[in-house]
Amino acid sequence: MGSTSISVLFLLSIMFLLAVDVKAQQNQSFVIPLGSLLSPISNRTSWFSPSGLFAFGFYPQGKGYAVGIWLVNQPENIIVWTANRNNPPVSLTAILNLTSDGPLLRTEEGEENLMTRLSGPAVSAFMYDNGNFVLNYNSTHNVWQSFTYPTDTILGGQTLFNGKYLVSSVSRSDHSSGRFVLWMQTNGNLVSYRLNNTADSENAYWSSGIIISSASTSGSGIAHRCGTNAYSRCSSVPCRAYSRSGECLVTRGRGLTAGYSTKLSLNYSGLLSLTDGSSSIAILGNNSYSAKNETGITIIYRAILDSDGILKLYSHHFLGNSTKVSLEGSNLRDQCQVKGFCGFNSYCIGPGFKAECRCYPGFHFLYTGNKSLGCYNNFIEDGCSSSTRGPMIPYDIEASPNLFWADYPYSMVRTKQENCKKSCLEDCNCGAALYMNDTCNKYKLPLRYGRRIQNLSTIAFFKVIQGKNPNHHPPIILMDSKKKIILILSLTLGSISFLCSAIAISCFFIYRHQVRRYRKLSSENVNVEFAENLSLRSFSYNELEKATDGFKEVLGKGSFGLVYKGYVSEANKTIAVKRLEKVVEEGEREFRAEMTAIGRTHHKNLVQLLGFCIEGSRKLLVYEYMSNGSLADFLFKAKKRPLWKERVRIALEVARGVFYLHQECEVHIIHCNLKPQNILMDDTWTAKISDFGLARLSVPSQTRNFTMGIEGTSGYSAPEWQKNALISVKADIYSFGLMLLEIVCCRSNIEVNVLTADEILLSNWVYNCLAAGELDKLVDVEDENVDMKTLERMVKVGLWCIQENPALRPPMKNVILMLEGTMDISVPPSPVISHS
């Protein structure tokens, strides 16, 4: 009997080991070795997980392809992660190669881009059944995983750690960064707010309401529940939480524990919760879900910050070839609860997930194709600044009930409803008024976060042009006629014929002049001011003085002032503060030019302007902080020459940034101060153009004379500067050409400590090497692994860009095409350099 039992146990053990070995071999077949390739047009476009439910590879986006991870679904795939999501789609000829440095994307133009930065060399990759794509160092250690870098989605088994965030996509079909952020704050609170805004109570539209008290050291801690709209002045509560009735909301001895790292986790059972290692608080879902039931249905859960700014939890039920998708819950039930769902000067209306944006009376949509971008008004607000009598625009007041917006009024007075209407009409600062609770609240434009709420006892008053139909002709601007009547009476007594002719001629010219002026101000001034305020924050001087620790650490010197390093604690962001030292007329023009130009630009190769400060003579600009210094440091101060492929990449990034300034942004910009010191490197070593201190706006297809008040940067300025000629975009082309040659050779364009006199001027030396067929003298071909065809392209492009005749310099679009290898380049003539 005993021997029989032993035999049975032995057979069972053998069967178990065989099953384990078969399963291991099956999983081993899904290991992705180094050198594996993917392409949109090859037989293999993606790598699948063992279950076949997840895939990593190319998927269609727009007119090209992006790289990401998707949940294989019917009738459409669900994208859960995207690599380099803000890069433009690639073409059909792109190739993804798995290297030891990570997935390397190669385009037809020869551009190479590493999609990840690893903590060590990779030996293989694997697409797991939970949707996690992992690069492995060995069987027990990985050097990168997609779960650590989420885009807009977290899956079952995935965690959003402190300081990490989700950014919504533009739409269901465009997975580049959208308008909303879900941030897992280091204080334990989970907050949603509009992108490019600070995550404070004014801009946040949802929060988990959990903030960990750091005062406790015993481990028990105090968890403060702040609630969705919980921001107050309750001094006894660190999170300053309060209810709508004003009561402070504090829960002692409950919730999460101080001293632990709080994180947002979605488990395999569909429970989305905040956890601190010892306890958890549910955000969405419940504990009744199971990942697989007795009928064999596989369930996968995903939480996504949707394009409308709402966090939604979905379940995907798989049984054979059939799939069922269900919405399990969301943190908000109404799209109108999302601050910023509708843009400036518009309001949100509609139930649930089918809300729409509408303009206030007297306003029009900026873009009818996307009504969430906001509206603009059809009149200007210059009456308060005018000290002389002149044209007057007659206004009416239009009332609209049940409206509300979240801006702060500049005036609050208890009065009657009719008095409120009259007060706004007579106040040149008033663009709209909100009458509620017997109080008249007057506001300047633009208005933010508008909603129409049924049963809300409010009346909104909007100033509109009298008798104006917004869909027809421009308004008739009336003249103050008191003096004219006196003139008419006196002239009538003398000569009726002279009076008629004089009035007819004068009215005709005055009318035409005023209509032109009004159209110009309405289309340019109003829309520009609206766009400037769209994403910029206004700082006080005290805020910036505190953020920079009294302007202690100097990062460098820019146009018209020094640049200081700072830190905004509430936004957990390091900043660079440019303090304008000149407050004379030129300094004022400089400030307004930067505000107008930079505030309206948005490109991955431009340094982003975050905000500004104007307090009397104190004028400051706040930029994103660039942690890796300038291109000059990268090229000239490194102990070892930077990698060749990195230099090629940086040259293209700078070219694309300049092309955006010249042709792609709404208001075309000439930089006028391009040099390596003004090309900054962010924490991923992406090149970004900075310092628009000498920028001047130019009209498309025209040039302006910028010789007054501007001096080109010595050594990088085009010959036009010394000749007092018209300055156009070709001046930037010249500066870029010199920088391109410096990027190739890793040396300054003027160098004294050289072997021969011919090498002092970089442009002459490069041309001589090209003419002699000795380009290898410019670089270390073997150590730098230089591609000689790319080297020749870059040299020819640089020499064409620095031609003395501006007409010979190629436009930046052609420069990019030539650098990418898609346009032939003829041999350039010898450049005649005119240095001061």
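The values are calculated or read from the model by the stated rules, or taken from the named source; none is laboratory data. Computed from a predicted model, the values in this text were never measured in an experiment. Positions of Cβ are generated from backbone atoms using ideal geometry, with glycine treated the same way; all protein chains shown enter the neighbour counts.
Quick look at the numbers
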| quantity | calculated |
| --- | --- |
| Qualifying residues in the range 602-620 (those that are touching a strand residue (DSSP E or B) at 6+ places or on another chain (Cβ under 7 Å) and within 19 Å of ILE670 (Cβ to Cβ)) - the one modelled with the lowest pLDDT | LEU609 |
| Some residue of the range 131-145 being within 23 Å of VAL338 (Cβ to Cβ) and without any contact (Cβ under 8 Å) to a residue 24 or more places away in the chain | no |
| Residues within the range 792-824 that are among the aliphatic types (A, V, I, L, M), at pLDDT 90 or above and in a loop (DSSP other than H, G, I, E, B), tallied | 1 |
| Pair list, Cβ under 6 Å, 6 or more apart: the range 23-43 residue under 15 Å from ASN136 (Cα atoms) and of a type in the set (Ser, Thr, Tyr), other residue surrounded by 10 or more Cβ atoms within 10 Å (Cβ to Cβ) and modelled with pLDDT of 80 or more | SER36/LEU98 |
| Residue under evaluation PRO121, criteria (1) in contact (Cβ under 8 Å) with a residue 24 or more places away in the chain; (2) closer than 26 Å to LEU643 by Cα, criterion not met | (1) |
| Members of the range 295-310 found to be farther than 18 Å from LEU272 by Cα and in a strand (DSSP E or B), listed by number | THR298 |
| Matching residues, the range 773-812, being under 34 Å from the mean Cα position of the chain (by Cα) and among the small types (Gly, Ala, Ser) | GLY798 |
| The range 670-716, residues that are at pLDDT 50 or above, outside any loop (DSSP other than H, G, I, E, B) and within 21 Å of LEU620 (Cα to Cα) | GLN677, ASN678, ILE679, LEU680, LYS688, ILE689 |
| Test result for THR140, loosely packed, with under 15 Cβ neighbours inside 10 Å and among the polar types (S, T, N, Q) | yes |
| Counted residues, the range 418-427 - those being surrounded by 14 or more Cβ atoms within 10 Å (Cβ to Cβ) and either of a type outside the set (Lys, Arg) or at pLDDT below 90 (or both) | 5 |
| Contacts under 8 angstrom Cβ, first residue in the range 364-376 being modelled with pLDDT of 85 or more, partner part of a helix (DSSP H, G or I) and of a type in the set (D, E, K, R), 6 or more apart | PHE365/LYS371 |
| Any pair with Cβ under 6 angstrom, 6 or more apart, that starts in the range 747-772 at a residue that is more than 19 Å from ARG647 (Cβ to Cβ) and part of a loop (DSSP other than H, G, I, E, B) and ends at one that is hydrophobic (A, V, I, L, M, F, W, C) and at pLDDT below 80 | ILE760/VAL754 |
| Qualifying residues in the range 441-476 (those that are of a type in the set (S, T, N, Q) and at pLDDT below 60) - the one farthest from the chain's Cα centre (by Cα) | ASN469 |
| Only one of PHE180, PHE147, PHE126, PHE133 that is crowded, with 17+ Cβ neighbours inside 10 Å, in contact with a Gly (Cβ under 6 Å, 6 or more places away or on another chain) and modelled with pLDDT of 85 or more | PHE180 |
| The range 624-668, subset among the small types (Gly, Ala, Ser) and over 22 Å from ILE575 (Cβ atoms), residue modelled with the lowest pLDDT | ALA638 |
| Residues of the range 438-450 that turn out to be over 14 Å from CYS375 (Cα atoms) and basic (Lys, Arg), as a count | 2 |
| Whichever residue in the range 564-601 is among the charged types (D, E, K, R) and part of a loop (DSSP other than H, G, I, E, B) and, among such residues, is modelled with the highest pLDDT | GLU570 |
| Count - residues of the range 109-118 that are surrounded by fewer than 18 Cβ atoms within 10 Å (Cβ to Cβ) and either without any contact (Cβ under 8 Å) to a residue 40 or more places away in the chain or β-branched (Val, Ile, Thr) (or both) | 2 |
